[in-house]
Amino acid sequence: SSGINAEYGVDSPVTFLGIDYLNNEEIFYLLENIQKLIGTKHPIVEFGANTLLGSTGTFRVHGLIALLASQIVNLCNTSNKEMVYNRDKTGILPKQRRLVEVCEMISTAFFLHDSIVSTDGSDERGNLQKGNKLSLLFGDYFLATACSQLASFEHPKVVDSISKAIASNVEGRFWLDTIDPTSPPSLPDITRYATLRHGTLLSSCCLSSGLLSGAHPDHITALESFGSNVGLAIQLKREVFAVHSGRAEVTSYPYIAAVENLNRMGREVKLGASPDQVINLGGGIERTIESCEQHCNRALDALNVFQSVDDVFVASLGGIVRDIKSAKPIVSV
């Protein structure tokens, strides 16, 4: 895929975490305890496999996207002698790599917090409760470590941008808890929520990378738009995949889109209908794919400002966006 090919250009894997900033003893303790939970179906086991143990997770390309964006904006900023002198062989500044790792830690922290599950009295051996404690403890640990590293940049605008992204992420998560399934939100509302949760961090990371290199304001604005649209497109495609794997939710874009379609046709959602039934009946998948393609196209349009950059680098980033746009769910036969 474009992502696998592009990783060689930035000298980093598609899925990575800034382990250099973490205490090895802490990581060993986490992995040791996650291993004990294998077979319990706690979400933290998936985290251990996909993030720490090197398994390739679906759409875990945020870090790669941000590094490629850094590479492109740096190539447009060759007049900055300090930036040219300090960048590495791939054209990326060390502080830009550190920024991406910080953002990966923040993303990981939120994933761990989202991994907390309800035991519902079915946790006889206490495994789920133990998994919840690990998710909370290490989610806080990753977030605290990321914030500490963020402060070390000593760049007020970068700190402000990433801090706002963290706040937006939290706001989106709290908003999710207020949704009444019997009175679903509108598509603009669910889009705003998805942007808060899944677009702002990548957007702020790309924007901050431009700030660290002293990029032109037009380039910084383009990076911000690119990151926001790609982050949202990735989440929309994730939700399409979730429906195909039987994990549809009433708070997802496909479900809300389906409800709006049915209401427009004068048809009510039947009481007791499953999310899958509603989505299939109301064409929620098609509407979600259409929205995903729109955000991918907007992201590609944002790259037009970098026309002076070598086509190879822009093509790598654009290729990832096109892969997201065309990605198909794997259906088991």
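Structure notes:
- None of SER245, SER213, SER228, SER208 is over 26 Å from ALA302 (Cβ atoms) and hydroxyl-bearing (Ser, Thr, Tyr) except SER245.
- Per-region count, segment 133-165, residues assigned to a helix (DSSP H, G or I) and either open to solvent by 30 Å² or more (accessible area, probe 1.4 Å) or without any contact (Cβ under 8 Å) to a residue 24 or more places away in the chain (or both): 17
- First in segment 173-186 and under 16 Å from TYR255 (Cβ atoms), second anywhere and of a type in the set (A, V, I, L, M), Cβ under 7 Å, 6 or more apart: PRO181/VAL250; PRO184/VAL250; PRO184/ILE256; PRO184/VAL259; PRO185/ILE179; PRO185/ILE256
- Scanning segment 292-309 for residues that are open to solvent by less than 10 Å² (accessible area, probe 1.4 Å) and under 18 Å from the mean Cα position of the chain (by Cα) yields CYS292, CYS296, ALA299.
- Whichever residue in segment 200-228 is among the polar types (S, T, N, Q) and more than 13 Å from the chain's Cα centre (by Cα) and, among such residues, is nearest to ALA167 (Cα to Cα): SER208
- Yes/no for ALA215 being part of a loop (DSSP other than H, G, I, E, B) and under 30 Å from LYS157 (Cβ atoms): yes
- The residues of segment 217-270 include none that are among the acidic types (Asp, Glu), touching a Pro at 6+ places or on another chain (Cβ under 7 Å), farther than 30 Å from LEU207 by Cα and touching a residue at least 40 places away in the same chain (Cβ under 8 Å).
- Cβ-Cβ under 9 Å pairs, at least 6 apart or on other chains, segment 56-77 side within 15 Å of SER203 (Cα to Cα) and of a type in the set (Val, Ile, Thr), far side part of a loop (DSSP other than H, G, I, E, B) and at pLDDT below 85: VAL61/VAL14; VAL61/THR15; VAL73/VAL309
- Of the numbered criteria (1) closer than 21 Å to CYS292 by Cβ; (2) touching a residue at least 60 places away in the same chain (Cβ under 8 Å); (3) of a type in the set (A, V, I, L, M, F, W, C), the one LEU212 fails is (1).
- Residues considered: LEU281, LEU232, LEU236. Of these, the only one that is open to solvent by 80 Å² or more (accessible area, probe 1.4 Å), part of a helix (DSSP H, G or I) and touching a helix residue (DSSP H, G or I) at 6+ places or on another chain (Cβ under 8 Å) is LEU281.
Residue by residue, here is whether (1) under 30 Å from SER70 (Cβ atoms); (2) not polar (S, T, N, Q) holds:
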{"residue": "ASP218", "(1), (2)": "yes, yes"}
{"residue": "LEU232", "(1), (2)": "yes, yes"}
{"residue": "ARG247", "(1), (2)": "no, yes"}
{"residue": "GLU268", "(1), (2)": "no, yes"}
{"residue": "PRO275", "(1), (2)": "no, yes"}
{"residue": "ASN280", "(1), (2)": "no, no"}
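- Any hit, segment 63-77, residues being over 29 Å from SER135 (Cα atoms), under 23 Å from the mean Cα position of the chain (by Cα), surrounded by fewer than 19 Cβ atoms within 10 Å (Cβ to Cβ) and modelled with pLDDT of 85 or more: no
- None of ARG97, ARG87, ARG60 is modelled with pLDDT of 70 or more and among the charged types (D, E, K, R) except ARG97.
- Scanning segment 195-214 for residues that are of a type in the set (A, V, I, L, M, F, W, C) and buried (at least 24 other Cβ atoms within 10 Å of the Cβ) returns LEU201, LEU202, CYS205, CYS206, LEU207.
- If you go through segment 146-175 and keep only what is closer than 10 Å to SER208 by Cα and of a type in the set (Ser, Thr, Tyr), you end up with just SER161.
- Of all residues in segment 169-194, exactly one satisfies the criterion of being of a type in the set (Val, Ile, Thr), surrounded by 15 or more Cβ atoms within 10 Å (Cβ to Cβ) and not in a helix (DSSP H, G or I), namely ILE179.
The values are calculated or read from the model by the stated rules, or taken from the named source; none is laboratory data. As the structure is a prediction and not an experimental result, all values here were calculated from the model. All Cβ positions, even for glycine, are placed from backbone atoms using ideal geometry, and neighbour counts span all protein chains on display. We work out accessible area using only protein heavy atoms, side chains counted, and drop any ligands, DNA or RNA first. Shrake-Rupley method; radii C 1.70, N 1.55, O 1.52, S 1.80 Å.
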